[in-house]
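Notes follow the structure.
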Amino acid sequence: MKKIAVIGAGTMGNGIAHVFAQNGFDVNLIDTQSAALDRALQTIAKNLDRQVTKSIIQAADKEITLAKITCFTNLKDGVHDRDLVIEAATENSKIKLAIFSEMDLYTSPTCILATNTSSISITQLADATQKPGNVIGMHFMNPVPVMKLVEIINGKATSSEVTESIVALTIQIGKIPCVVKDAPGFIANRILMPMINEAILAFEEGISDAATIDQIMKLGMAHPMGPLQLADYIGLDVCKNILEIMEDGFQDSKYKPAALLTKMVEEGKLGVKTGEGFYSYQK
C-alpha cells in the first residue's frame, strides 16, 4: 500500500495525512470545503516546522512531506486509485454511513476502507458497503504526529488478511497497533469517557474545582493531563456524543452524559475549539 486517501481535513484528518506523507506515502486529502483543506495544509506546515525546531526531521523533509499531499474537494476523484481510504469525518453515524457508501462506490474491490471513528460500530459502517471484509477501524490518537497508539478494530466481517495488512502498515508509519473487537467505545473510550464523565459529576457536585480534580489525577495516577482539561481538548460535544453512543449501544444508564456536560454543549462551551470549557482559552 503506497496510495492513501484521507477523508476529512479537520484535526484528526490532517494529522493522519501528515504522518502518512512524512513516511513516504502518496496522500490524497479530501474535504468538501476548500477552506478546510487550506487550513489543514497550514496546520501540517506548522507542525512540520515544530518537528524541524525539535530536530525530529530535517528542514528539507518539510517540503518533501508537503509535496506528497494532494487536496481534493471531490471524493470520487480522490479515492478512485487508492489502496487504502481512511475516513476521518465528524463523529456522526449518519455522516459516516453516507461516506462509506460513497467510498465503496468509487474504490476498487481490493481497496481497504478504514475509519478513524472513536466509538461508532465498524460492523454497522461495513454494512453500508459491498466489501465488508475490507472494512476496519484505525482509531488514531490526538495529536496524531505525536501519539503512538493506533487502536485497530475488527468488525464482524473484517478479514484476517486486512487486519494483518493494517497492523503491518501501522508499524511501518512508526505507530503501535493494538487490535480489539467491535463494541461501543472499543477499549480506549470505553474506559476514558466514563472517567471524564465521573470527573464532571464530581465538579458538578462541588466536591472540588476543575484544577484540583485534574491535579489529583495527574499527581496521583500519573496522567499527563487531567480529565477535565483532556475533555476540553477532545471537545465536550465529542465527549457527549461518545457517551450517548455507549449508553445506547450497551443500553446502560451508567454511560449517560452528566447534566453539566449536556448543558455546556447546549451553551456552545465546547472546550479549546470555542475558547471556553472547564477552562478558558485565548483564541
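What follows draws every value from the coordinates through simple rules; no lab data is involved. No experiment lies behind these values; they were computed from the predicted model shown. Ideal geometry is used to build each Cβ from the backbone, glycine not excepted, and the neighbour counts take in all protein chains shown.
Things worth noting here:
- Amide proton proximity set for residue 81, modelled H, under 5 Å, gap of 5+: none
- Burial order of peptide ranges 224-232, 12-20 (average beta-carbon count within 10 Å, highest first): 12-20, 224-232
- Only helical runs count toward this figure. For the chain, summing -39,500 (n - 2.57) over DSSP H runs of n ≥ 4 and dividing by all residues gives -15000 deg cm²/dmol at 222 nm.
- Residues whose amide H lies under 5 Å from that of residue 6, counting only those 5 or more places away or on a different chain, are 28, 29, 30, 86; hydrogens are built 1.01 Å from N in the peptide plane.
- Whole-percent pair-distance distribution, where bins are 5 Å wide, for the alpha carbons of the chain: 1, 6, 12, 16, 18, 16, 14, 10, 6, 2, 0, 0
- Mean separation of Cα pairs under 8 Å and 6 or more residues apart, divided by the residue count, gives the chain a relative contact order of 13 percent.
- Near the amide H of residue 281, within less than 5 Å, lie the amide hydrogens of 276, all on another chain or at least 5 residues away, with H placed in the peptide plane.
- Highest to lowest packing among 63-76, 102-115, scored as the average C-beta count within 10 Å: 102-115, 63-76
- Gain in span if fully extended, residue 156 to residue 281, counting 0.36 nm per residue against the direct Cα distance: 40.8 nm
- Annotation: peptides 257-263, 129-135, ranked by per-residue average of other Cβ atoms within 10 Å with the highest first, follow the order 129-135, 257-263.
- For the stretch 169-283, the dipole from Cβ point charges (+1 on Lys and Arg, -1 on Asp and Glu) about the Cα centre works out to 440 debye, to the nearest 20.
- 255, 233 arranged by Cβ crowding within 10 Å, fewest neighbours leading: 233, 255
- Shape category assigned to the stretch 211-283 from the gyration tensor of Cα positions, a/c cut at 1.5: oblate
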